[in-house]
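As structure tokens, the structure follows; a few thoughts come after it.
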There are 2 protein chains.
Amino acid sequence: MTQNTLVNRRLVLAERPQGEPTQETLQLNETAIPSAGDQQMLLRTEYLSLDPYMRGRMSDAPSYAEPVQLGEVMIGATVAQVVSSNLKNFAVGDWMLSFNGWQDYALSDGSGVTNLGSKPAHPSWALGILGMPGFTAWAGLTQIGKPKAGETLVVAAATGPVGATVGQIGKLLGCRVVGVAGGEEKCRYAVEELGFDACLDHKAADFAEQLAQATPAGIDIYYENVGGKVLDAVLPLLNANARVPVCGLVSQYNATQLPEGPDRMNWLMGLILCKKITMQGFIIFDDFGHLYPEFAKEMTQWIEKGEIKYREEIISGLEKAPEAFIGLLKGENFGKRVIHVAAG
Amino acid sequence: MTQNTLVNRRLVLAERPQGEPTQETLQLNETAIPSAGDQQMLLRTEYLSLDPYMRGRMSDAPSYAEPVQLGEVMIGATVAQVVSSNLKNFAVGDWMLSFNGWQDYALSDGSGVTNLGSKPAHPSWALGILGMPGFTAWAGLTQIGKPKAGETLVVAAATGPVGATVGQIGKLLGCRVVGVAGGEEKCRYAVEELGFDACLDHKAADFAEQLAQATPAGIDIYYENVGGKVLDAVLPLLNANARVPVCGLVSQYNATQLPEGPDRMNWLMGLILCKKITMQGFIIFDDFGHLYPEFAKEMTQWIEKGEIKYREEIISGLEKAPEAFIGLLKGENFGKRVIHVAAG
């Protein structure tokens, strides 16, 4: 069943995944479409963003944010249109960046919602290059990575919405940029379309050697979004005073236990000490929200001049979202994965 | 044999230690006292500083500094007097902060040497509270730890020259300060003499539980100078946006292999991410040398007002230095350990 005006389809968290989410993790059900009360508006979801952080919200392990409760609609950023409104400043037909979650309809009192106007050129971009992923790339790189021209920057998930943006900004700022991605096609895209100096396939048996060869002057900035074996290969190559913005660890999100030893935790501390490394974790709007206007202005200019490219992978149908999310965690996406909820 | 005017006693690196240094690591031998040539001066060592970083220089593992070569005099900071001088600005009898290493006499062309004048009040303090350890405490805490009044600061080696200074500065800046030290006597000293809010014995079986109880509002700053089990107990207690200046890892310096698993390295990365932690390694004069005048001014005022206390443990005789250093790595010192080379 596709989106309609009779029912509200919702994907609710049915069980907490152990390891990879499965088809049982989220359950599709239907409710009545709610009506907008006083000081409310009804939003109809057009696009739903899929992002790796959502895996964390499915878990009740301690984290920076509350987990989604069992039986509740899975959270998520959305681009939506106003269906009816009892709020001034929000007119029927206006496009919103909102947080409807994984469902067709949601009520809002306007708080935490950004009005994109009646005719945004690229509504879904508010979920990507002009939204959280783009801002995450820009702020982590500029505020923690602090790139200087001539330095070497390494970033994984090089064709994903964060990695692709990190690398392109790095090039604009004069860095040598080495990407890491899964498979030849993505690597070719990173070099030929995004302008990376090199991009390596982490599936190659000699990946660590390839990375060493591609970074002859060492690594000054490692924008961390995957962890695991990419991190393993990067650490010995870090230069003195290297910076490591810690944005994500997608290779670890489905892990159910710690890997076998030896225990390298104190070894990592020793590396941080001897090489005078800075590592900093960040949660984009908590730590850098005040910089959003600066980001939006700079990114809009880059896009208008054609200096930053952006690739989306739009999948039609809310019912496809669980499978698309499971694949996202495995790196199956090529570009920013968005669900076109109103289609399909 | 004590220091005299006939020979130069030297402790040279005889073999690289595997694990703990032993009595075979350094060898005492004698050479002729050199003569000052043109644009040189001859310095006689009065005090030799013993510091944990020296363990790293005994090893040829990659690090931020060149290792001492086998057969060479062990390096070290010293306070010395000018015996003869062919340099203007350096008069016979003047006291110098120099880098004679573990020996009675050394030549210098004046570079890298600080003239302390003819009658410094506490010459050996240039090796401690007013020198590298004090500056390390001040800069790591203020520049990376960035303490705010009301925050909780944890520091180990709480009666050592760095830890004691970190904690006292933390108190002056309004923090709740919890020290960690080895044994009841040191803990009592940290609380009663240095003014820490609490100090815990890391040898206690329930140390981790004690630390949790002593930090009811969590930990905002962990000044890392030991690693190992203190780090293990601290990590779960770190608050969001905690800062961890990584100054040293003395519990790990004699390690010959990585500990058994599981491997917690990616777990640590996940903690840095979820709690938005900043970890930064630093080498004091490389990273913060430009701030030394500011430190010296502020610390001198604190000492003059009696707001910072400083404890030395002076051991007489160059020949005692190897054993004293081995003990330092085990935490046997109580205060700043200095060898009075010219005595004994």
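The values are calculated or read from the model by the stated rules, or taken from the named source; none is laboratory data. It should be emphasised that the depicted structure is a prediction, and the values quoted were computed from it without experimental measurement. Here the Cβ is made from the backbone with ideal geometry for all residues, glycine too, and neighbour counts use every protein chain on show.
Considering only residues that are within 14 Å of chain B (Cβ to nearest Cβ) and either touching a residue at least 12 places away in the same chain (Cβ under 8 Å) or part of a strand (DSSP E or B) (or both), which ones fall in region A:280-330?
A:Gln280, A:Gly281, A:Phe282, A:Ile283, A:Ile284, A:Phe285, A:Asp286, A:Asp287, A:Phe288, listed by residue number.
For residues in region A:208-230 being within 14 Å of chain B (Cβ to nearest Cβ) and on the phi < 0 side of the Ramachandran plot, which is surrounded by the fewest Cβ atoms within 10 Å (Cβ to Cβ)?
The selected residue is A:Lys229.
Quick one: which of B:Leu43, B:Leu26, B:Leu13 is surrounded by 21 or more Cβ atoms within 10 Å (Cβ to Cβ), more than 16 Å from B:Pro322 (Cα to Cα), at pLDDT 95 or above and not small (Gly, Ala, Ser)?
B:Leu43
Considering only residues of region B:137-147 that are aliphatic (A, V, I, L, M) and more than 20 Å from B:Gly218 (Cβ to Cβ), which is surrounded by the fewest Cβ atoms within 10 Å (Cβ to Cβ)?
So, considering only residues that are aliphatic (A, V, I, L, M) and more than 20 Å from B:Gly218 (Cβ to Cβ), the one surrounded by the fewest Cβ atoms within 10 Å (Cβ to Cβ) is B:Ala139.
Name, by its number, the condition in (1) outside any loop (DSSP other than H, G, I, E, B); (2) away from chain B (no Cβ under 11 Å); (3) not aromatic (Phe, Trp, Tyr) that does not hold for A:Ile272.
A:Ile272 satisfies every listed condition except (2).
Answer yes or no: is there a residue in region A:161-180 that is within 14 Å of chain B (Cβ to nearest Cβ), within 19 Å of the chain's Cα centre (by Cα) and in contact (Cβ under 8 Å) with a residue 24 or more places away in the chain. Spell out how you get there, then give the answer.
Step one: of region A:161-180, the residues within 14 Å of chain B (Cβ to nearest Cβ) are A:162.
Add one more test, that the residue is within 19 Å of the chain's Cα centre (by Cα), and what stays is A:162.
Among the residues that remain, those that are also in contact (Cβ under 8 Å) with a residue 24 or more places away in the chain are: A:162.
Within region A:161-180, one or more residues are within 14 Å of chain B (Cβ to nearest Cβ), within 19 Å of the chain's Cα centre (by Cα) and in contact (Cβ under 8 Å) with a residue 24 or more places away in the chain.
Specify the residue that is surrounded by the fewest Cβ atoms within 10 Å (Cβ to Cβ); the eligible residues are those in region B:51-71 that are under 20 Å from the mean Cα position of the chain (by Cα) and of a type in the set (Asp, Glu).
The selected residue is B:Glu66.
Right, B:Glu260: charged (D, E, K, R) and either farther than 30 Å from B:Pro17 by Cβ or outside the structural domain of B:Thr142 (by TED's automatic domain parsing) (or both) or not?
no
Given the condition in a helix (DSSP H, G or I) and more than 12 Å from chain A (Cβ to nearest Cβ), answer yes or no: does some residue in region B:240-253 qualify?
The initial filter retains those residues of region B:240-253 that are in a helix (DSSP H, G or I), namely B:250-252.
In the following step, the residues that additionally are more than 12 Å from chain A (Cβ to nearest Cβ) were identified as none.
No, region B:240-253 has no match at all.
Filter region A:304-329 down to residues that are farther than 12 Å from A:Gly160 by Cβ, out of contact with any Leu (no Cβ under 7 Å at 6 or more places or on another chain) and not hydrophobic (A, V, I, L, M, F, W, C), then give me how many there are.
The number of residues fulfilling the criteria is 8.
Any residue in region A:177-195 that is in a loop (DSSP other than H, G, I, E, B) and either under 18 Å from A:Leu249 (Cβ atoms) or in contact with a His (Cβ under 8 Å, 6 or more places away or on another chain) (or both)?
Yes: region A:177-195 contains one or more residues that are in a loop (DSSP other than H, G, I, E, B) and either under 18 Å from A:Leu249 (Cβ atoms) or in contact with a His (Cβ under 8 Å, 6 or more places away or on another chain) (or both).
For region B:8-67, name all the residues that are of a type in the set (Asp, Glu) and either in contact with a helix residue (DSSP H, G or I) (Cβ under 9 Å, 6 or more places away or on another chain) or in contact (Cβ under 8 Å) with a residue 60 or more places away in the chain (or both).
Within region B:8-67, B:Glu20, B:Glu46, B:Asp51, B:Glu66 qualify.
Among the numbered criteria (1) in contact with an Asp or Glu (Cβ under 7 Å, 6 or more places away or on another chain); (2) buried (at least 20 other Cβ atoms within 10 Å of the Cβ), which one does B:Phe288 miss?
(1)
Got at least one residue in region B:148-169 being surrounded by fewer than 20 Cβ atoms within 10 Å (Cβ to Cβ) and among the acidic types (Asp, Glu)?
Filtering region B:148-169 down to residues surrounded by fewer than 20 Cβ atoms within 10 Å (Cβ to Cβ) leaves B:148-150.
In the following step, the residues that additionally are among the acidic types (Asp, Glu) were identified as none.
No: zero hits.
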